[in-house]
Amino acid sequence: MLLVTADPSLVSAFTAISKEIGIESQSVGDSDDFSHQLGSAKYEGLVLDFDTVPAAIPVLDSMRKSRPNKDAVVFAVATALDNRDRALQDGAHFLLKRPIENSAIRETLSVAYDLMRGESRRYFRCAAELPVELMFIASGKALQCMTMNISSNGIAMKTPVPLTLAEMLDIALLLPDGFTVRATGIVIWDDKNGKCGLKVKCTSPQMRKKLDSWLDSQFTSAA
């Protein structure tokens, strides 16, 4: 993610919070530095500060004309009404105005996270056989299973017994490096022949970051 702003406090807040959910950030202070950065890297997100960057509109136009970056998610920081209207008219996906609380940045980045992952990565399913323990929330019983494929928000697996649709589960997925990803899940399909699918949600940003980091490594290998 690239931040274009002359406000050090905005850079500090966005950088720290984006790091929490696994998004790397870089910053530039003006349109000249932006032009250099735009030609040297691909970005999934742009934070554009209309309040401190006089050439904000040309910056946004350049982003849209850049083939590698034309689909970047745009976060506009605009406090004045005319700047806010212009940012929305020019296609900003998210709008923030000063004063900006850290909670607002965190919530906005969380909502935008999947958009920034990109279409191909968002729907990537990694074929992998990894051990996973299911804990039935209603009964407290545990079941040892094996995954068939894994994505950011779903797991298909082999199970020794059929599962009940819409049943809620706690999940412990053991990654190859020994780290256990913990999540909650709901059964969305079961073929009654030893295979089922769960929609999953990691229990914390740190767990999601670890799972996505592993998926990223597999996606890079498969690309």
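Long-range amide H contacts for L3: which residues qualify at under 5 Å (H placed 1.01 Å from N, peptide plane, sequence gap of 5 or more or a different chain)?
Distant-sequence amide H within range of L3: Q26, S27, V28, V47.
Full extension from E24 to Q37: what is 0.36 nm times the residue separation minus their Cα-Cα distance, to one decimal in nm? Walk me through the numbers on the way to the answer.
Working: separation 13, 0.36 × 13 = 4.68 nm, distance 1.44 nm.
Length gained, E24 through Q37: 3.2 nm.
Would you please put 189-202, 68-81, 135-148 in order of how densely packed they are, using the mean number of other Cβ atoms within 10 angstrom per residue and starting with the highest? Could the numbers behind the result be given before it?
On the way: 189-202: 16.0, 68-81: 17.7, 135-148: 13.2.
Taking the mean over residues of other Cβ atoms within 10 Å, the ranking is 68-81, 189-202, 135-148.
Does the range 94-223 come out rounded, prolate or oblate by the C-alpha gyration tensor, with a ≥ b ≥ c the root eigenvalues, rounded set by a/c under 1.5 and, if not, prolate when a/b is larger than b/c and oblate if not?
Details: a/c = 2.18, a/b = 1.62, b/c = 1.34.
Here the range 94-223 falls in the prolate category.
Compute the Cα gyration tensor for the range 1-64, then decide on rounded, prolate or oblate, letting a ≥ b ≥ c be the square roots of its eigenvalues: rounded whenever a/c is under 1.5, prolate when a/b is larger than b/c in the other cases, and oblate in all that remain. Before the final figure, lay out the partial values.
Numbers: a/c = 2.06, a/b = 1.31, b/c = 1.57.
Oblate shape, in that a/c is at least 1.5 and b/c is the bigger or equal ratio.
Distance between the C-alpha centers of the range 56-96 and the range 150-223? Whole Å please.
36
Over 18 Å between Cα atoms, which of K70/K210; K19/K210; K65/K97; K141/K201; K70/K209 qualify? Write out the running numbers ahead of the final one.
Values: K70/K210 28 Å; K19/K210 12 Å; K65/K97 26 Å; K141/K201 20 Å; K70/K209 25 Å.
Checking Cα-Cα distances, K70/K210; K65/K97; K141/K201; K70/K209 exceed 18 Å.
Which one of R208, R86, R182 has the biggest mean-square fluctuation once the chain is modelled by GNM with Cα springs under 10 Å?
So, out of R208, R86, R182, the one fluctuating most is R86.
Calculate what fraction, in whole %, of the accessible area of the range 123-223 sits on carbon and sulfur atoms when a 1.4 Å probe is rolled over the protein chains.
Numbers: 3160 of 5520 Å².
Carbon plus sulfur share of accessible area: 57 percent.
Give me the extension gain from Q218 to T164: residue separation times 0.36 nm, minus the current Cα-Cα distance, reported in nm with one decimal.
Numbers: separation 54, 0.36 × 54 = 19.44 nm, distance 3.06 nm.
Difference between extended and current length: 16.4 nm.
Accessible area of the range 44-102 with a 1.4 Å probe: how many percent of it is carbon plus sulfur?
Values: 1510 of 3020 Å².
Accessible surface attributable to carbon and sulfur in the range 44-102 totals 50 percent.
Would you mind getting the accessible area per residue of the chain, heavy atoms of the protein chains only, 1.4 Å probe, in Å²?
For the chain, the per-residue accessible area is 52 Å².
Any chance you could run the full-extension gain for K199 through L81? It's 0.36 nm times the residue separation minus the Cα-Cα distance, nm to one decimal. Let's see the in-between values first.
On the way: separation 118, 0.36 × 118 = 42.48 nm, distance 4.08 nm.
In short, 38.4 nm is gained.
Just check the chain against the gyration tensor rule for me: Cα atoms, a ≥ b ≥ c as the square roots of the eigenvalues, rounded for a/c under 1.5, and otherwise prolate or oblate depending on whether a/b exceeds b/c.
On the way: a/c = 2.79, a/b = 2.33, b/c = 1.20.
Here the chain falls in the prolate category.
The values are calculated or read from the model by the stated rules, or taken from the named source; none is laboratory data. Keep in mind that this is a model prediction, so the values were computed, not measured. Backbone-built Cβ (ideal geometry, glycine too); neighbour counts: all protein chains shown. The area values use the complete protein model at the heavy-atom level, side chains included, leaving out ligands, DNA and RNA. Shrake-Rupley method; radii C 1.70, N 1.55, O 1.52, S 1.80 Å.
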